[in-house]
1. Per DSSP H run of n ≥ 4, the term is -39500 (n - 2.57); total these for the chain, divide by its residue number, and report the mean residue ellipticity at 222 nm rounded to 500 deg cm²/dmol.
2. Share of Cα-Cα pairs in the stretch 116-267 beyond 22 Å, in percent?
3. Determine the dipole magnitude for the chain: charges of +1 sit on the beta-carbon of Lys and Arg, -1 on that of Asp and Glu, nothing else is charged, the reference point is the Cα centre, and the result goes in debye to the nearest 20.
4. Could you tell me the number of lysine pairs in the chain with C-alpha atoms less than 28 Å from each other, where the two lysines are 8 or more residues apart or belong to different chains?
5. Could you let me know the centre-to-centre spacing of the stretch 197-267 and the stretch 94-165, using Cα atoms, in angstrom?
6. For the stretch 185-241, take the convex hull of the Cα atoms, compute a quarter of its surface area, and give me that in nm², please.
7. Charges on Cβ only, +1 for Lys and Arg, -1 for Asp and Glu, centred on the Cα centroid of the stretch 62-116; of Pro81, His67, His109, which one is farthest towards the dipole's positive end?
8. Hey, what's the Cα Rg ratio for the stretch 83-136 versus the globular rule of thumb, 2.2 N^0.38 Å?
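No lab work stands behind these numbers, since they all come straight from the coordinates. Remember, predicted model here, so these are calculated numbers, not experimental data. Don't worry about glycine lacking a Cβ; one is built from the backbone with ideal geometry, like all the others, and counts go over all protein chains shown.
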Amino acid sequence: MSKPLIPNPALSVLAVPAFNDNYLWLIHDGTHAAVVDPGDAQPVLAALRSRGLTLTAILLTHHHADHIGGVPQLLQHYDVPVFGPRHDGIAVVTHPLGEGDQLTVPGLHLDLAALDVPGHTLGHIAYVRNGAAPWLFCGDTLFAGGCGRLFEGTPAQMAASLDKLAALPPATQVFCAHEYTLSNLRFALAVEPSNEALRARVPAEAAKRERGEPTVPSTIALERATNPFIRYRETAIAQQLAQAGKVAADAAPVAVFAALREWKNHF
Ligand code: ZN
Ligand code: FE
């Protein structure tokens, strides 16, 4: 058996923009690639072709069309396994996953762990790469500066899911599925106007958008410092919501979280 020329080729993550504001993530080693949440096949096929990559796996976080819509067409070009949530009703999933399941991504030297993160949908999962360069692929659960809407789950479920993600190592890079950052941060500033880290983040992220760059990936450290949906236990946030008449002054943290999410829906 011959040894591979490069025993452990470095992995990169490439943002493939799709629709208005989705990012489809392509994890690759220069030869093989796995795609996370391919809502559309065309931009994925184009990215694979232009870089000479072969698709070896598909990873899904939840059942919404903008995350799975491209799977049938990708499977016509590449006969690859489809990893995805066990309980989110996705027919194309061949390798169902849930909390604590480990997977080695075919074709890549990449081990991931699945986490259950219900809230946006009930079966939503996230993928974590542990180790020296930690990654999180979290679909529509945690966003840069915000979180997904509660289409199926309760505020308590989503708050617990975000707590779980916030407990990951601070250096973890957060690859979320949408470019919602600037509008999320406008809301975050209304909720926590005196947060210095947040005030510093806004112009930094705006500058990236002006240069045409994604604001994603973020990091768990930055989200812990600036994201109101992770910081919902902060007294300043509860006070701001009470002042705005959104919750009672003595509201429990989950009630504060629910009021935050509700306010953001109409912000
Ligand atoms: Zn979604
Ligand atoms: Fe989405």
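1. Rounded to the nearest 500, it is -9500 deg cm²/dmol.
2. Result: 36 percent of Cα pairs exceed 22 Å.
3. So the dipole magnitude of the chain works out to roughly 460 debye.
4. Taking the Cα cut-off of 28 Å, the pair count is 4.
5. So the separation of the two Cα centres works out to 20 Å.
6. Taking a quarter of the hull surface, the average projection is 3.8 nm².
7. Pro81
8. 1.14
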